[in-house]
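Below: the structure, in C-alpha cells.
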Amino acid sequence: MRYVFLKIMNRLRSARRKRTTRTPAWQRREQGLPLGSLFPEFTLYTGEIVRPADKNGMIVLFLSTTCRSCLDILSRLNTFGESRLNQSVVLCMQGGETEVKTMLEEQQISLPFLLYDSAQKEKFNVSVFPYLYLLSGGGLVVSKGTVRDAKDLGLRLNMDADRIPIDEREGEGA
C-alpha cells in the first residue's frame, strides 16, 4: 500500500514540475514617450490640428470612460483647467464617441478632446489610464506618468510646474 502511495506522489510531483516551466520574469514596460522628446501633433475631435510645439505649455490627459480613477478626475477637471490658464489642457478620451460626448456634457466639461483608440497607441505609447503628459512651451515632454485620482493629479500638476523653465512657462518673447 505504501509503495502505491509513494508512486502516485512521485508522479504528481513530476507532473507539477512539467507544468511549472520557467518563464522569464515580468518585464516592466516603459509607458509614454521619452522625457525630453517632442510630443507629436494630433487632431482634435473637432478636426483642429494641434501642434504642441506652438503652444505655451500643455497638459495632455489620457482618460477612459470605463476607469473609476478617470471618472473621479473627470468630475473635478474644471478646477484644474481654471488653475492652469497659461497652459492648454487637452483630453484624450478612450471610449465610444457617444459615451465620451455624454460623459463630458454631464460633467459640463468644455475642454478640447480627441477620441483615443488603439490606432493611436503607437503614436502616444499609452495603454494605462489615467495617464498624464506635461509639455513645455516648445512641446517637449517634461513630465509623464500614471495618475491615481484627482488629488494625485493636483499634486503632480503643482509639483511638475517647477520642472518647466521659467522662460518656457511665460512663452517666447516674454
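The values are calculated or read from the model by the stated rules, or taken from the named source; none is laboratory data. Please read these numbers as outputs of a predicted model, since none were measured by experiment. Cβ coordinates were reconstructed from backbone atoms using ideal geometry, including for glycine residues, and neighbour counts include every protein chain displayed. These accessible areas exclude ligands, DNA and RNA; they are computed on the full protein's heavy atoms, side chains included. Shrake-Rupley method; radii C 1.70, N 1.55, O 1.52, S 1.80 Å.
Per-residue surface analysis assigns THR43 an accessible area of about 70 Å², computed on protein heavy atoms at 1.4 Å probe radius. Charge tally around THR43: other residues with Cβ under 13 Å, Lys/Arg +1 each, Asp/Glu -1 each, net -1.
Annotation: amide H-H contacts under 5 Å for CYS92 (H modelled 1.01 Å from N, sequence separation of 5 or more, or interchain): LEU61, PHE62, LEU63, LEU114.
Residue order by solvent-accessible surface for CYS67, CYS92 is CYS67, CYS92, largest first, with ligands and nucleic acids left out and a 1.4 Å probe. Here the calculated FRET efficiency for SER75 and ARG11, from their Cβ-Cβ distance with R0 = 41 Å, stands at 0.10, rounded to the nearest 0.05. Taking a ≥ b ≥ c as the square roots of the eigenvalues of the Cα gyration tensor, an a/c ratio of 1.5 or more together with a/b no larger than b/c marks region 61-133 as oblate.
Extending 7 Å from the Cα toward the beta-carbon at both THR66 and ALA119 defines two label points whose distance is 2.0 nm. Would you check the accessible area of LYS151, probe 1.4 Å, heavy atoms only, in square angstrom rounded to 10? Counting only protein heavy atoms, LYS151 exposes about 150 Å² to solvent. The listed residues ASP152, ASP54 rank as ASP54, ASP152 when sorted by accessible area, largest first, using a 1.4 Å probe.
Taking LEU135, LEU140 and ordering them by how much accessible surface each has at a 1.4 Å probe, largest first, produces LEU140, LEU135.
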